[in-house]
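What follows is calculated from the coordinates using simple rules that are stated; it is not laboratory data. This is a predicted model, so every value here is computed, not measured. Every residue, glycine as well, gets a Cβ built from its backbone with ideal geometry; the counts of neighbours run over all protein chains shown.
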Amino acid sequence: MSTARPNTAMQPMLVRARLGSGVGHAPPWGISLDGLLASQIRENEKAAARESGTDYLPYDSEASPRDLDLPLARCTRGGGDDWHWAAAFAWPEGEVPGPHVQYWSARPDQHALAQISETLPSHLSPRQGRYRAAVMPLPLTVARALTWRAVGNRDEVAALLVGITTIGKKRAAGNGMILDWTVTANPDGDTWEYSHLHPDGRLGRTAPAPCLEHRPEVATGGAAVMGVRPPYMHRAGAAEVLLPAT
C-alpha cells in the first residue's frame, strides 16, 4: 500500500449513503467510490472553468485518461501501471431481497424529426433500424443505505461527496436519491481489508491477482479483463484482474 500523495491523514474509513430510492446500475457488483469521487472532481473542474470563462479539456474516449488526484490511498501490489485506489465497491446495507426491475421505453418523435430533416420517409419503422422503439429493463438495488470501505483522507472525501445528490442510472426518473452522506474514520481498521474487501470478507472490487497472493482464502468472482480504476470502462485502464464476489 502507498498513498496517492504525502498525507498523514490517510486512514481506514467507512462511507455511508442513506438512500431515498432504489439505485440502478448495470454490473452485478456495486458502484465504485473512486469513480464517484473522480466524477465529482471532474464536475468541479468544469464548473471552475465556466466560472472563470476558460475552456476545459473535454473527455476523449480515444486518448488515455489522466489519473485525477483523489483523496484516497493507492494499492500498488499489482505492480507497474496496475495500481488501484484503496476503496471497495458499494455494499448494500439493509437490502430488500429482489430481483427489482423497472422498465423504461423510448419511441422516436416523428414530428420533431421532421423539423430537423429536409426529407423523411413516409414511415419510420418502430421495429428496426436506428429509430426503432425500445423497452429496456433497469435492474435496481433497493436498500436502506450503501456503504463503502476505503482508505483515505476523511475530510476531503466528505467534502467531495456533499455535492453528489444522486447516483446510478436513470437519476432523472427519481432513482439513486441520496438523503445524506456520513464518512466515519476507523483508525483501527486493517488498511488492506478496507482497500479490497466487503464487510463479509469477500473481494469487494476489481483487483490484480498479486493483491490477493497472501490471502488465497478470499472468495472472488473469478478472473477477467476489466478496469482497475476510473474511468473503469476505458480500455486504457483494463488489466487482468480478479472480479468482486457476487
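Ratio of alpha-carbon Rg to the 2.2 N^0.38 Å globular estimate for the chain, to two decimals, please.
1.15
With axes computed from alpha carbons, what is the tilt in degrees of helix 33-52 against the longest principal axis of the chain, rounded to the nearest 10 within 0 to 90?
For 33-52 against the chain, the angle is about 60 degrees.
Per residue of the stretch 56-66, what does 6.51 cos²θ - 1.76 cosθ + 1.60 with θ = phi - 60° give for ³J(HN,Hα)? Whole Hz please, x for Gly and Pro, Karplus curve as stated.
10, 6, x, 5, 10, 5, 8, 9, 5, x, 6
Quick one: grab the alpha carbon gyration tensor of the stretch 1-118, order the square roots of its eigenvalues as a ≥ b ≥ c, and give me rounded if a/c is under 1.5, else prolate or oblate depending on whether a/b is larger than b/c.
oblate
Extending each Cα 7 Å along its Cβ direction at Arg107 and Arg66, get the distance between those two points in nm, one decimal.
4.7
With +1 on each Lys and Arg Cβ and -1 on each Asp and Glu Cβ, how big is the dipole of the chain about its Cα centre, in debye rounded to the nearest 20?
Here the chain has a charge dipole of around 740 debye.
Thr76 to Ala173: extension gain in nm, 0.36 nm per residue of separation minus the Cα-Cα distance?
31.0 nm
Residue farthest toward the positive end of the dipole of the chain, with Cβ of Lys/Arg at +1 and Asp/Glu at -1: which of Gln110, Ala9, Tyr232?
Farthest along the dipole direction, towards plus: Gln110.
With an 8 Å cut-off on Cα pairs and a minimum separation of 6 or more residues, tell me the relative contact order of the stretch 95-246 in percent.
This gives 16 percent for the stretch 95-246.
GNM, the chain, Cα, under 10 Å: largest mean-square fluctuation among Pro71, Pro97, Pro58?
Pro58
Using the Karplus curve 6.51 cos²θ - 1.76 cosθ + 1.60 with θ = phi - 60°, work out ³J(HN,Hα) for each residue of the stretch 84-100 in order, rounded to whole Hz, and write x for Gly and Pro.
So the J values, rounded to whole Hz, are 9, 6, 7, 7, 7, 7, 5, 10, x, 9, x, 5, 8, x, x, x, 10.
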